[in-house]
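> Dumping the structure here so I can ask a few things about it.
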Amino acid sequence: MRNTNTRPATPGTPGHPDALWLVGGHVVDVVAGTVLRDRAVELHDGLIRTITDTAPADAEHTLELEGRFVFPGLVSVHTHLTIVYPFEETDVNENPGDSALRGASRARDALLAGVTTVRTLDEHNRADIMIRRAAQAGWLDAPRIVASGQAIGITGGHGRGRPGAFADGADAFLKAARSELEAGADHIKVFISGGIAHLGETFNGAQMTADEMAAVVRATSEQNTYVVAHAGGGAAIQEALKVGINAFEHGYDLDEETVDQMAAANSYLTPTLSVTSSPEWMRDHGFTEWQIDIALNVHPTHLESIQRAFTRAIGDDLDAGGIRIVAGTDYLPGEPHAGTSCAVREMEYLEQAGLPTRTTLRAGTWEAARLMGRQDQFGSVAEGLAADIVLTTDDPTETVSALRTIGTVIQAGRIVRTDIPTTSEGQAA
């Protein structure tokens, strides 16, 4: 796509010859779980070029951090930019332009909240793919989008009531998955079980057959990518593991056997604790009382299941066997929630449920990038990686709630917003 962006390049961004130096900050190394005190960080051509003790005396463009913490931009891996609240108002025949405009607005909100990468997991009219192209062309501000296109489910299954892809039988699932990949999807989302969105629905048992799951795995293997599964209970997950699905969302009811099998396979789990922990948020967004009651009734089992998974989760040994926990809210990541953003609130829920702070920080940054095979591109503050950065006044290694103090967001070296007075070229005023 031809880039017709008229936004001027600034120091540190692609297309500008000069670097932007972040001076006098503390760099949070989420991989090691440590803080590098009093560092200078050079941003050039959209990347982190240098992390050192001091900036050169002749550095022309600097941002004085005054002790702020330099933290990687957040990565939210369960996002629906085009979702409609309440669900009942969803138009299955919605104009694609409406889907894209709604999604673009939510994407900008996410970026302003410090979420510099989202993994989408089912969007109306494949709007995530449209928004991704527009952002790459410079037409709008949005996080980096790792897109799913439309999720695929069985006829009458969990995905009913929204515009999406439906299939029955292995051949139909294979064709549907290939169609999403051809349209530009980076991965494929499937509904292998029920959930809690519909009255009378159950998440125990599988909604897809093993052959149907295997067909989707075949399609993704052809394109060197992977399948992510909406999965409420252990039975569906155990079937999915047998055919090579290894990334799961929700996990409302995980028994010991399922957790053991997930750990043995080094599976990824996105707990989405927000969906059973947020009655006021649900009420504010038009959810019915029966929907809220279902979520609250599921919450104790959901929390216990996730805590069971935590006992088999990897810690600071990042190459160890075990479950990899990643952060995704299933809500709009940039939406306000309990005094912060939905993305940060989900990470707080993980920490409050017992996930160690360092592991939680990785869940919303480096580990989330590793899930997508992109940890060498973004997800940590390291030389050679994307200059996707948030600045906080408090130390995130002390508590995840320090992310409530995000005051500056930088994407690919460009200052998206900041609480530090700057000139038009990003230099401290």
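The values are calculated or read from the model by the stated rules, or taken from the named source; none is laboratory data. Note that this is a predicted model, so its numbers are computed, not measured. Quick reminder, even Gly has a Cβ in these numbers, built from the backbone with ideal geometry, and neighbours come from all protein chains shown.
> Tell me, yes or no, whether the stretch 1-16 has at least one residue that is modelled with pLDDT under 95 and touching a helix residue (DSSP H, G or I) at 6+ places or on another chain (Cβ under 7 Å).
Yes.
> Please go through the stretch 164-203 and give me each residue that is of a type in the set (D, E, K, R), more than 25 Å from ASN95 (Cα to Cα) and part of a helix (DSSP H, G or I), ordered by number.
If the condition is that a residue be of a type in the set (D, E, K, R), more than 25 Å from ASN95 (Cα to Cα) and part of a helix (DSSP H, G or I), then ASP171 is the only one that fits.
> Among HIS78, HIS61, which is crowded, with 16+ Cβ neighbours inside 10 Å and assigned by the TED database to the domain that holds HIS124?
HIS78
> Follow-up question, since we're still on this one. Taking into account only those residues within the stretch 181-202 that are free of Cβ contacts under 8 Å to residues at least 60 places away in the same chain and in contact with a helix residue (DSSP H, G or I) (Cβ under 8 Å, 6 or more places away or on another chain), which is farthest from GLY169 (Cα to Cα)?
Result: GLY184.
> Do you know which residues across the stretch 171-212 are of a type in the set (Gly, Ala, Ser), within 15 Å of ALA231 (Cα to Cα) and under 24 Å from the mean Cα position of the chain (by Cα)?
Matches in the stretch 171-212: SER193, GLY194, GLY195, ALA197.
> When you scan the stretch 191-213, how many residues do you find that are more than 22 Å from ILE83 (Cβ to Cβ) and either touching a Lys or Arg at 6+ places or on another chain (Cβ under 9 Å) or of a type in the set (D, E, K, R) (or both)?
Selection size over the stretch 191-213: 4.
> Quick check on ILE420: is it aliphatic (A, V, I, L, M), surrounded by fewer than 24 Cβ atoms within 10 Å (Cβ to Cβ), in a loop (DSSP other than H, G, I, E, B) and in contact (Cβ under 8 Å) with a residue 40 or more places away in the chain?
Spelling it out, ILE420 is indeed aliphatic (A, V, I, L, M), surrounded by fewer than 24 Cβ atoms within 10 Å (Cβ to Cβ), in a loop (DSSP other than H, G, I, E, B) and in contact (Cβ under 8 Å) with a residue 40 or more places away in the chain.
For (1) more than 19 Å from the chain's Cα centre (by Cα); (2) of a type in the set (A, V, I, L, M); (3) surrounded by fewer than 22 Cβ atoms within 10 Å (Cβ to Cβ), each residue gets a yes or a no:
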position	(1), (2), (3)
HIS285	yes, no, yes
ILE292	yes, yes, yes
ALA295	yes, yes, yes
VAL298	yes, yes, yes
ASP316	yes, no, yes
ASP319	yes, no, yes
ALA327	no, yes, no
LEU350	no, yes, no
ALA369	no, yes, no
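> Given the structure, is SER380 modelled with pLDDT of 95 or more, over 22 Å from LEU43 (Cβ atoms) and either in a loop (DSSP other than H, G, I, E, B) or in the same structural domain as ILE51 (by the TED database) (or both)?
No; evaluated as a whole, the condition is false for this residue.
> If you take the residues in the stretch 241-283 that are part of a loop (DSSP other than H, G, I, E, B) and of a type in the set (Gly, Ala, Ser), which one is surrounded by the fewest Cβ atoms within 10 Å (Cβ to Cβ)?
It comes out as GLY244.
> Related question: Of (1) at pLDDT 95 or above; (2) under 24 Å from ILE245 (Cα atoms); (3) surrounded by fewer than 22 Cβ atoms within 10 Å (Cβ to Cβ), ASN125 satisfies all except one. Which?
Every condition holds for ASN125 apart from (2).
> Moving on. Taking the stretch 204-240 on its own, how many of its residues are outside any loop (DSSP other than H, G, I, E, B) and either basic (Lys, Arg) or without any contact (Cβ under 8 Å) to a residue 60 or more places away in the chain (or both)?
Counting residues in the stretch 204-240 that are outside any loop (DSSP other than H, G, I, E, B) and either basic (Lys, Arg) or without any contact (Cβ under 8 Å) to a residue 60 or more places away in the chain (or both) gives 24.
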